[in-house]
1. Could you pull out the residue among 59, 38 that is touching a Lys or Arg at 6+ places or on another chain (Cβ under 9 Å) and not aliphatic (A, V, I, L, M)?
2. Can you pull out every residue in segment 1-29 that is surrounded by fewer than 18 Cβ atoms within 10 Å (Cβ to Cβ) and outside any helix (DSSP H, G or I)?
3. Just checking, how many residues over segment 75-100 are within 13 Å of the chain's Cα centre (by Cα) and in a loop (DSSP other than H, G, I, E, B)?
4. Could you please find all residues in segment 28-42 being in contact with a helix residue (DSSP H, G or I) (Cβ under 7 Å, 6 or more places away or on another chain) and within 14 Å of residue 10 (Cβ to Cβ)?
5. Can you tell me which residue is modelled with the lowest pLDDT among those in segment 210-253 that are touching a Cys at 6+ places or on another chain (Cβ under 8 Å) and not aliphatic (A, V, I, L, M)?
6. What residue, of 274, 219, 224, 243, is closer than 18 Å to residue 137 by Cα, aliphatic (A, V, I, L, M) and in contact with a strand residue (DSSP E or B) (Cβ under 6 Å, 6 or more places away or on another chain)?
7. Considering only helices (runs of 4 or more DSSP H) fully contained in segment 101-179, which possess at least 2 residues that are among the basic types (Lys, Arg) and either in the same structural domain as residue 208 (by TED's automatic domain parsing) or modelled with pLDDT of 95 or more (or both)?
8. Restricting to segment 78-99, count the residues that are in contact with a Pro (Cβ under 9 Å, 6 or more places away or on another chain) and either at positive phi or surrounded by fewer than 19 Cβ atoms within 10 Å (Cβ to Cβ) (or both).
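The values are calculated or read from the model by the stated rules, or taken from the named source; none is laboratory data. None of these values were measured; they are calculated from a predicted model. A quick note on method: Cβ atoms are made from the backbone with ideal geometry, for glycine too, and the neighbour counts reach across all protein chains shown.
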Amino acid sequence: MDHIRWGIIGCGDVTEVKSGPGFQKANNSSLTAVMRRDAQLAADYASRHHVPKWYDNADQLINDPDVDAIYIATPPAYHKEYTLKCAQIGKPVYVEKPMALNTIESQEMIKACKEASVPLFVAFYRRSMPKFIKIKELLDSGCIGEIRYVSVRNTSTLREKSLEAELPWRVIPEISGGGHFMDIGCHSLDLLDFLLGPIRQANGHIGNQAGFYRAEDIVSASFVFESGVQGSGLWCFTAFEHVDLTEIVGDKGKISFSTFGTDPIVCTNETGIVEYPIETPRHVQQPLIQTIVNELLGLGQCPSHGDSAVRTSWVMDQIMKSN
């Protein structure tokens, strides 16, 4: 095989710019089929993105002989179901984040894929973005010395004031696994795993301060990495201001950056302050998609597998249950 033909289950908003075009623009890759339960929306997506096939039934896409690998872009409640179906017929899986509703489901997905000898990749795409690769290079260079601690602060203004029936799925725990922390926090924590190594201990506090939906709207956490580095995080989604700041502090300096924004990386040490402005790819998942294609073709290795993503699932479970 010298080319990967992809199928997408769940061609919603995330696939419009962030991921979908990446399958078409990556080398040795193409998008062959898409699926959405609403046939009209599936057909519209296929037409606009020049995709040859569309389905309103996931099983039909999974069993399509012209589809080599499958990207599961549904809400987390359906990740396990579709991953197991793909594993049963031997097709590689690329699943959106968070990996599943919880650690147990994530482990079941890993087990099924390993037993079927099927690769399992997870969309923690920041591991392949130039900005975060540069941060890792700076840390590895020793420019801030030995790392001591990390702090994460992510706050935003209230997004939802709707009735329960009109709320987005991201704040419906049965579908998303929780609230915005599941959607946003998992990126922050997986990125720290990539930059600083696995977290060995975590706990936290959760709350619902505004009361506009059932899921948590504030989370605070503390955690310790296997290396001994300590960390803290605060995620609040009903604050008066937007803050997106992570600081990694060493004994000789610190590195500050935004996880979701386009602000430059700032490195501060005894020699002064240096900023590194790095352009964000238009299709943010394309760099990771390229590593997946390369691995499937025996040309490289992807940095985000089920085995790495389940660590983030575990950390989030520890934070959410230790209130």
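1. Values: 38 fails: touching a Lys or Arg at 6+ places or on another chain (Cβ under 9 Å).
Among 59, 38, only 59 is touching a Lys or Arg at 6+ places or on another chain (Cβ under 9 Å) and not aliphatic (A, V, I, L, M).
2. 1, 2, 3, 12, 16, 17, 27, 28
3. Residues flagged as within 13 Å of the chain's Cα centre (by Cα) and in a loop (DSSP other than H, G, I, E, B) within segment 75-100 amount to 6.
4. Of segment 28-42, the ones in contact with a helix residue (DSSP H, G or I) (Cβ under 7 Å, 6 or more places away or on another chain) are 28-31, 33-36.
Within segment 28-42, 31, 33, 34, 35, 36 meet the criteria.
5. Applying the filter and picking the extreme gives 217.
6. After ruling out the rest, the residue left standing is 274.
7. 103-115, 130-141
8. Qualifying residue count, segment 78-99: 0.
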